[in-house]
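Just below is one structure, and these are the notes that go with it.
The values are calculated or read from the model by the stated rules, or taken from the named source; none is laboratory data. Please read these numbers as outputs of a predicted model, since none were measured by experiment. A quick note on method: Cβ atoms are made from the backbone with ideal geometry, for glycine too, and the neighbour counts reach across all protein chains shown.
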Amino acid sequence: MADNRPLTTLGARLRHMRLKSKLTQDALAAAADTNQAVIQKIENGRSLRPRKHLEISHAVGANPAWLMFGDEYAPQLSDEAIHIAKCWDAMTEKERSVLLPFFTSNVNRAKRSPSNHAEKRSANPSSPGMSS
């Protein structure tokens, strides 16, 4: 069954990749170690930040960044970025609300001064509190 809807949402992209992979919602759920109701909620737009997005992406053969955000040219995420995303997913909303301003301010600062940010990272490749 072809799905010709525009791929403008997470749900539409997931449905497209699931059908392309010839998987039922149940089969995809089993492959991603979740349940069918989760897949249904994502496809229907009722879950916009699924905790199992990495597993779901891999199960349908999609780039996780493309599946979540729709960027056709999204690069593969590094192991460190995947680790950070998993940590973020494990946090409570309260913990996220505390950290989000910190991340946002650092990203905005790096955008204003990319060479300065790169020099700081190369001078100190590991940040306090981060372990490999």
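Give the residues of the stretch 16-45 that are under 16 Å from the mean Cα position of the chain (by Cα) and of a type in the set (D, E, K, R), sorted by residue number.
Within the stretch 16-45, GLU43 is the sole residue that qualifies.
Just need a number here: residues in the stretch 23-70 that are aromatic (Phe, Trp, Tyr) and either on the phi > 0 side of the Ramachandran plot or surrounded by 15 or more Cβ atoms within 10 Å (Cβ to Cβ) (or both).
Number satisfying all stated conditions: 1.
Given ALA29, ALA74, ALA37, ALA110, which one is part of a helix (DSSP H, G or I) and either at pLDDT below 90 or farther than 21 Å from THR9 by Cβ (or both)?
ALA110
In contact with a Gly (Cβ under 9 Å, 6 or more places away or on another chain), among the aliphatic types (A, V, I, L, M) and at pLDDT 75 or above, is that true of ILE84?
Against the criterion (in contact with a Gly (Cβ under 9 Å, 6 or more places away or on another chain), among the aliphatic types (A, V, I, L, M) and at pLDDT 75 or above), ILE84 does not qualify.
Evaluate the following for PRO101: is it modelled with pLDDT of 85 or more and farther than 23 Å from LEU14 by Cβ?
yes
How many residues, within the stretch 1-20, are modelled with pLDDT under 95 and surrounded by fewer than 20 Cβ atoms within 10 Å (Cβ to Cβ)?
Within the stretch 1-20, residues that are modelled with pLDDT under 95 and surrounded by fewer than 20 Cβ atoms within 10 Å (Cβ to Cβ) number 11.
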